[in-house]
Amino acid sequence: MTSHPSRHCTVELQALPSRIGQVRRIVSAHLRYWQLNPLIDRAALGVTELLTNVHQHARPDKLCTVELEVLLDRLTVSVRDHDPRLPVVEDVEPLATGGRGLAMVAAMSESWGARPDGEHGKVVWFTLPTAASAVAVPALVPRLTAGETAVRRFTQVEPALDGAARPAHAPARSAVPG
């Protein structure tokens, strides 16, 4: 059995725009150190959204704590602040420029929630699976039915001048799903 270094990290900060980017880099560095690279994009997005909510909505101050913890096969990312009001996911107009943060957190995480923290605060959290199969396999894998043929999306293999098969030029694409 492999022993893992401590898989717990806590960062206290003022949720200001300049600090949010720093915390995103700290989260990414810890996940790399813990060899959870496939979770970096989703964890960084989720923590950015939760910290942005603290910046925009929390009262009386913007002081908060970000906590990362890996237990068994789950990464839990939580943000604790001093505002007791629990967040609410609301329907937003299609052309609205904000209001989708918690919906994005819900969509990209395995689970999420909010709970009161004492009399004067709350914790908003989300989880991501760390199991290799849950991380490495895309959520939606297309399946072929009888009579369908596979379509190659990004590269086509063409024989080279020396007869060896090599991929043709592929268009650039983002590593970020969606």
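Here are a few things to note about the model shown:
- For residue 117, the residues whose amide H sits under 5 Å from its own are 122, 123, ignoring neighbours fewer than 5 places away on the same chain, with H placed 1.01 Å from N.
- In terms of the mean number of neighbouring beta-carbon atoms within 10 Å, the peptides 107-120, 46-59 order highest first as 46-59, 107-120.
- Mean Cβ neighbour count within 10 Å, used as a protection proxy, ranking 16-24, 91-99, 75-83 highest first: 75-83, 16-24, 91-99
The numbers here are math on the coordinates, done by the rules we state, and not lab data. Owing to the predicted nature of the structure, the values given are computational and were not obtained by experimental measurement. Note that each Cβ is placed from the backbone with ideal geometry, even for glycine, and that neighbours are counted across all protein chains shown.
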